[in-house]
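As structure tokens, the structure follows; a few thoughts come after it.
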Amino acid sequence: MALPCSLNRYLLLMAQEHLEFRLPEIQSLLSLFGGQFTNNQETYGKSPFWILTIPSEDIARNLMKRTVCAKSIFELWGHGKSPEELYSSLRNYPVEKMVPFLHSDSTYKIKIHTFNKTLTQEEKVKRIDALEFLPFEGKVNLKKPQHIFSVLEDYGLDPNCIPENPHNIYFGRWIADGQRELIESYSVKKRHYIGNTSMDAGLSFIMANHGKVKENDIVFDPFVGTGGLLIASAHFGAYVYGTDIDYNTERLVGKNQKWRGPDENIRANLRQYGLEKYYLDVLVSDASKPSWKKGTYFDAIITDPPYGIRESTRRTGSQKEIQKGIEKCPESHVPVSLNYHLSDMFFDLLNFAAETLTLGGRLVYWLPVYTPEYTEEMVPWHPCLKLISNCEQKLSSHTARRLITMEKVKKFEEVVWEFDQGAGQPREGREAPQQQAAGGREGVPGQQPLGTLPVHEFRALGL
């Protein structure tokens, strides 16, 4: 099917890292900037070369100002599985689209990029000389050219079986590079204040992109820890806020010292990167008992809940059974810390997100899983939240964690669904909500609503 004439084809050169996270990030960012990820897009699975159809170059540039999963983007002029096919494709490319970049007053250079194979300088020059049929009229400038063109060759994914000839060859005009340098400049190794579970900088930016965080948003992390996720959101211009139950972490008290240094706190971390103006506050608070008035406050909730390994899962409470409604304690009372089961934690998290997110706001969080027992039906859900993506990061042969992204699509209504034990069916007189899950499946038979799964089905990393 022919593409609309208003859409141009672009070649996206992807990084070969966090492969499962790449597609949801690009989809989210295209949606954020007014583009749309259609069935015409060619992603080639694990290949680093993707062909996208994007309405304008401005959207392509905006995409590259955010993505950490892509290296570069090119306006695609030609594509073939052999040099002959590439040259034929280039001859068919509209000359009027080439001329603005090839006129006599311009300067340019041509680069050769290969994936999974190294070429000699002689081979590179030979490929550049073969493009002499293109109407280049400008001067070559290798140091500061106005326009950069690239020949990109794909030799497959197997480093132990490199073919003689490339599987695909592309030619295009370079548009922009991605934000891969953020991974190094925001590395936790250089950060003033970190903890046992501080999030990797690359994954922090991926989570912010999955959450479609944008300028002037309000982003909340209910398990803030040392604030690594807040930093990524603040970099994109969002105002950030967080809570955590650990007083020692949030109020600067160390385990072996009375006070931490002046730069060992979340606010100082943001100050380190020139982002302090986006810091709203961080409170010591129990995520199981949110102290918020009813309302929609947040554009995104981005968090990494504790799994009970390096950080314990805790909530406030009492060892005694206390009847509901009489839990009020004097201000001087320090509550006892109790175990916080993972099933309860995710129930509270999704319920809180459904109530406090703005319509269209996103919840992004990590779900620990025991791989041999994992099924898609174990992913928690809520009638107000639509599952957008579910990406796996392997931790060992039998454990993993999954990055879950959900979007609020309905206004919050607190509903308690009573299910017969183990049956997964609503009791008489009640109707179960339709579940929107990955791949557009609705009403998954036998799928239980959030909070009814046995605790062992939420087992954290084999616990």
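Some observations on this one:
- Scanning segment 83-122 for residues that are touching a Phe, Trp or Tyr at 6+ places or on another chain (Cβ under 6 Å) and charged (D, E, K, R) gives a single hit, K117.
- Residue match in segment 72-92 (condition: surrounded by 18 or more Cβ atoms within 10 Å (Cβ to Cβ), part of a loop (DSSP other than H, G, I, E, B) and modelled with pLDDT of 95 or more): no
- Restricted to segment 191-211, and to residues there that are of a type in the set (V, I, T) and either farther than 19 Å from L363 by Cβ or in a loop (DSSP other than H, G, I, E, B) (or both), the residue that is least open to solvent (accessible area, probe 1.4 Å) is T197.
- Among all positions in segment 78-93, there is no residue which is of a type outside the set (S, T, N, Q), touching an Asp or Glu at 6+ places or on another chain (Cβ under 7 Å), in contact (Cβ under 8 Å) with a residue 60 or more places away in the chain and within 25 Å of W50 (Cβ to Cβ).
- Test for R173: is it open to solvent by 10 Å² or more (accessible area, probe 1.4 Å) and at pLDDT 95 or above: yes
- Test for K109: is it part of a helix (DSSP H, G or I), at pLDDT 95 or above, charged (D, E, K, R) and over 30 Å from A201 (Cα atoms): no
- Selection of segment 352-370 for residues being under 14 Å from I218 (Cα atoms) and part of a helix (DSSP H, G or I) yields A353, T356.
- Boolean, E20 is open to solvent by 20 Å² or more (accessible area, probe 1.4 Å), touching a residue at least 24 places away in the same chain (Cβ under 8 Å) and not in a strand (DSSP E or B): yes
- Residue match in segment 104-112 (condition: open to solvent by less than 30 Å² (accessible area, probe 1.4 Å) and among the small types (G, A, S)): yes
- Identification of strands (runs of 3 or more DSSP E) wholly contained in segment 262-318 with 1 or more residues that are open to solvent by less than 40 Å² (accessible area, probe 1.4 Å) and modelled with pLDDT under 90 yields 314-317.
- Selection status of G429, part of a loop (DSSP other than H, G, I, E, B), at pLDDT below 70 and open to solvent by less than 40 Å² (accessible area, probe 1.4 Å): no
- Taking segment 154-180 as the range and being part of a loop (DSSP other than H, G, I, E, B), under 29 Å from the mean Cα position of the chain (by Cα) and over 24 Å from S89 (Cβ atoms) as the test, the residues that pass are D158, P159, G178, Q179, R180.
The values are calculated or read from the model by the stated rules, or taken from the named source; none is laboratory data. It should be emphasised that the depicted structure is a prediction, and the values quoted were computed from it without experimental measurement. Here the Cβ is made from the backbone with ideal geometry for all residues, glycine too, and neighbour counts use every protein chain on show. The accessibility values were calculated without ligands, DNA or RNA, using every heavy atom of the protein model including side chains. Shrake-Rupley method; radii C 1.70, N 1.55, O 1.52, S 1.80 Å.
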